[in-house]
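No value in this document is a laboratory result; all are computed from the given coordinates. Everything numeric in this text was worked out from a predicted model, so none of it was measured. Ideal geometry is used to build each Cβ from the backbone, glycine not excepted, and the neighbour counts take in all protein chains shown.
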C-alpha cells in the first residue's frame, strides 16, 4: 500500500485545497508542503531494498476485461525519478509561496502543481502500460492549465495550446504503441513486456511500436522537430517552469526511453533515430539559447539542448551511455531548477527578463549573483561541479561509439561544439546579468534588492547539491545512479568509476577545448551570430507550426462551408446519408442474403395492416401542412404498430407502444399550439429529388435489415436462458419485465438516469421562456376562443382517478402479467398530461402540489437503494430477492425487491415527463394574468 499512498497523496492534498476554499490562502502552503514532505519520507523508507535491486509491487484489478489494472512498481529507475519529482516539488512549493505572496491565485497554483506531481508519480511508478498512458495524458492536461495559468495573457494562451497540441499528439502515439505492445505480448503489465523483449524485437510490428514510442518521447521531451513548444511554455509562472520544464514533465519522455530501453536496445532503428534526433536537438538548442534576449527563453533552449544530449546518450551503442544519460538527468534537474528559480527572483525583483536591460545586478543582489553563478557554471560543465562529471562521461561515450564507421569522429566534434555553445550561453547568463559593469537601465522596479530569505532557500539547497555531487559523486548519488542504471539495462551493468579525477585523458582535453571555444564565442557572439540569428528566425519552427495550424483551419473552413449550411433539412440529409452508407455496405456483401429459416404463414390481415400503415405514412407526408390531420394519421400508424406487437404475442411491447404514442401525440399537440404559421414555400427540384432518394433508400435499407434478421438470425439466441431462469431466479412469470428489473436492471437504471438528466437539461433550456399565444394554427386556421374547452376539462378530471387506478393495477401485475413500472408511469403521465392540456399549466399546478424534479430524483434514489441493498447481503448489485407471504382472507401473495426497483423507475419517468411538460406549456397570457393578480 505504500506505493498507492505515494501516488494518492498529491491528489488528496489537491482535494483538501479545493475543499477548504474559504481558507485556502492560509492552508494551501502547509498542505502542499506536508504532502511532498510525507511523500519523500515514504519513498526514502524503501531506499534500502531498492539499493539491493529489489522490486516492490502493488496491484489492484480495475478493468480486467481490457487488461487495465492499478498496478504499481518501485525499482531503482522509478525510485530515482520519483525522488526528483518529490524533492524538487517540495522546493518549488517553498519557492512558490514567496513568488506569488499575497496573490489570490496561489491556492490554484498549488492545486495544479499537486495534480501534476501526482500524475508524474503515476507515470514513473506505473507497472501497467495502460495506466501509464492515463497518467501521461493527465500531465498534458494539467500542464496546459499551468502554462495558461494567466489566461488574460495572449502568449500564455498560445503557449498552452501549442504544448497541449504537441504533447497530446504524442499521447495518442503512446496509446497506439502500448496497444500494439499489448497485442504482441498478450499483456500490458511491464513485467511481462520486459520479459518478452526479444520477442518484441523480432515481431513484424516492432518498427511501428518503436517509432510511435519515440514520437511520444520526443514530443514530451521537446526533441527536434517537436522542440518549439517548450520556449513558448515560458509564459507560465516561474515555479511552473522550474518544476515542469526542468525536472519533471520534460523528463517524462526520458523516463519512457529508459523504462523501455531493454525492449528497444541493440536495434539499429532505435540507435540511429535517437542518436540523430539527439544530435540535432543538442546543437540546435544550444545555438538558439545563445541568441535569446529573454532570460527564461535562454534557459528553455538550453533545456532543449541538454535533453537532446540525454536522448543522444540513450541512442549510442556503448556500454556506459545509459549510465551517463541517467547521471546527466539528475545533474540537469538540479542545476536547471536552481537557474529557473534564480531567473524568477530576477524577474520578481526587477520586473523584467530582458537581457538587454539586465546588467550589473551584482551590486544590488550579491547573494543571488553568487548562487546563479555557481548554477550557471555547473550548466557549463566547470570542474568541481556536478555538470562537469556527466559532461566528462558524455565525451567519453561519444569517443567509444562506433555507429557511423568512417564518420565516427563526427559525433565527438559535434559534442565539443555543443559544449562550447553551453559555455557561451552560461557566461552570457552570468556575465550579462550580474557582472557587466554597466548600470541597469529602464528597470520597471528600481532599485532591485535581494528577495525574502526563504525564497532563496530552495536555490541554496540546489546549488549546494551541485557542489556536493561535483566533489563527492560516489557518496552522494553513487548507489542511486547504480540502481537506476541496473534496472534500465536489464541487469547487465558494466563496472564504472564515478570519481572527480580520471587523469589527463581525451575527454579532459575535449573539455578544455570547449571551455576555450565557448569563451571566445561569448566575446565574439555579436559578429558570429549576426547571420545565424537571421537564418534561425527564417526557420522558426513555431512559425511553421502556426502556418500549419492556419492551413488546417482553412481546410476545416472549406468542410464547414460544405456541411454547415444552417439548414435543418440539410443536416438531416447528411446524417441520413451517413446512416445509410455505413450499414448498407455490409448488406451488399456476397452471401449476406442467405438464410435457411422457414417463413411464417401469411394471413390476409397482416398484409392489409402493412398496406394501411404505408398509406398512412404517405398521408402524413401529403398533408403535412395540415398539422392536426398529420398527427391523427401518425397516431393511427402507431396504433397499428402496437397491433403488430399483439399479433406476434408481445403484449408488454404493445402496451408500451400505445402509452408512448398517447404521450407523444399529446406533447406534439401541445407543441403544435405554439408553432408559428407555416410559410408557403416550394422546395427546389434538386432538394425534392434528394429527399425522395433518401426516403426510398432509407425504407429499402430498413426492409433489407428486417429481412436479413428474419432469415439469418439464430432462432433461439439468448431467449431460452431468460425463459428458463425468469421464474426460479426472480420469481416472475413475465419474462420481459424480469429482464428489465433483474437481468438487465443495471441497463434500466442507467437509462432512467439519462432520462432524468435530459429532463433537467430541457427544464434549464425552457427556464424563463414565455411563449406567445398565437391567434391561428400552423395551417393558418384560427384557434378556438376557448383556451380550455369545458367538455375536455370535465372529462379530464373524471379520467384522472380512473387512469391512476388503472396505472396501479398495471404496476402491481407487472411481475407476472403484462405491465410493470414503465407502462404504469406512462399511464400516469397521460392522466396528468391530459390535465395540463385541458386546464392549463397554472390551473393544474395550483391543485397538484408536486415537485416533479424531486419525484424524478427520488425515483433514481429508490432504484439505486434497491441495488445497494443486495450488496449488504454479499450479492451483486441489483440482485433481486423474492418470497411468498400468506395473508388471511387474501391468500398467498408474492413480494419481490424488483417491485421497489420498478417503483423507482415509475417515479423517475413520471417526474421527468411532467418536468418537461410543466415548463413547455406556460403561455405568455397566463403569466400576465398571474402577474396582474
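Assorted remarks:
- Packing, taken as the mean count of other beta carbons within 10 Å per residue, orders the peptides 58-71, 798-811, 345-358 from highest to lowest as 345-358, 798-811, 58-71.
- Each label was represented as a point 7 Å from its Cα along the Cα-to-Cβ direction; for residue 813 and residue 612 these points are 2.5 nm apart.
- Remark: 552, 214, 190, 694 ranked as 552, 694, 190, 214, counting other beta-carbon atoms within 10 Å and listing the fewest first.
- Highest to lowest packing among 176-185, 871-880, scored as the average C-beta count within 10 Å: 176-185, 871-880
- Cα gyration tensor category, rounded, prolate or oblate, for the range 280-402 with a/c compared to 1.5: prolate
- Sorted ascending by nearby beta carbons within 10 Å, beginning with the fewest, 220, 456, 763 become 763, 456, 220.
- Working ranking of peptides 414-422, 509-517, 282-290 by packing, defined as the average number of other Cβ atoms within 10 Å per residue, highest first, is 282-290, 414-422, 509-517.
- Relative to the dominant Cα principal axis of the chain, helix 295-315 is inclined by about 90°.
- Label-point separation in nm, residue 704 to residue 21, each point 7 Å along Cα→Cβ: 5.5 nm
- Measuring r between the beta carbons of residue 65 and residue 191 and using R0 = 22 Å, the FRET efficiency lands at 0.65.
- Treating r as the C-beta distance of residue 157 and residue 439 and R0 as 41 Å, the FRET efficiency rounds to 0.70.
- For the range 1-157: rounded, prolate or oblate by the Cα gyration tensor [a/c cutoff 1.5]: prolate
- Residue 674/residue 561 FRET efficiency (R0 35 Å; Cβ-Cβ; nearest 0.05): 0.60
- Annotation: extensible slack from residue 5 through residue 467 equals 163.0 nm (criterion: 0.36 nm per residue apart, minus Cα-Cα distance).
- Anisotropy class of the range 540-580 from Cα gyration tensor, a/c 1.5 cut: prolate
- Distance between the range 426-500 and the range 231-247 - C-alpha centres, whole angstrom: 17 Å
- Net lengthening on full extension, residue 754/residue 211 (0.36 nm per residue, minus Cα-Cα): 191.3 nm
- Debye-sum result for the range 282-492 in log10 I(q)/I(0), which assumes one identical scatterer on each alpha carbon, at q = 0.11, 0.16, 0.17, 0.18 Å⁻¹: -0.54, -1.01, -1.10, -1.20
- Least to most buried among 501, 574 (fewest other Cβ within 10 Å first): 501, 574
- Mean separation of Cα contacts under 8 Å (6+ apart) over length of the range 25-91, as relative contact order %: 36 percent
- Part-to-part distance (alpha-carbon centres) for the range 98-134 and the range 789-848, which is given in Å: 55 Å
- Extension gain for residue 579 to residue 509 (0.36 nm times residue separation, less C-alpha to C-alpha distance): 18.1 nm.
- Annotation for the range 6-69 versus the range 285-345: alpha-carbon center distance of 28 Å.
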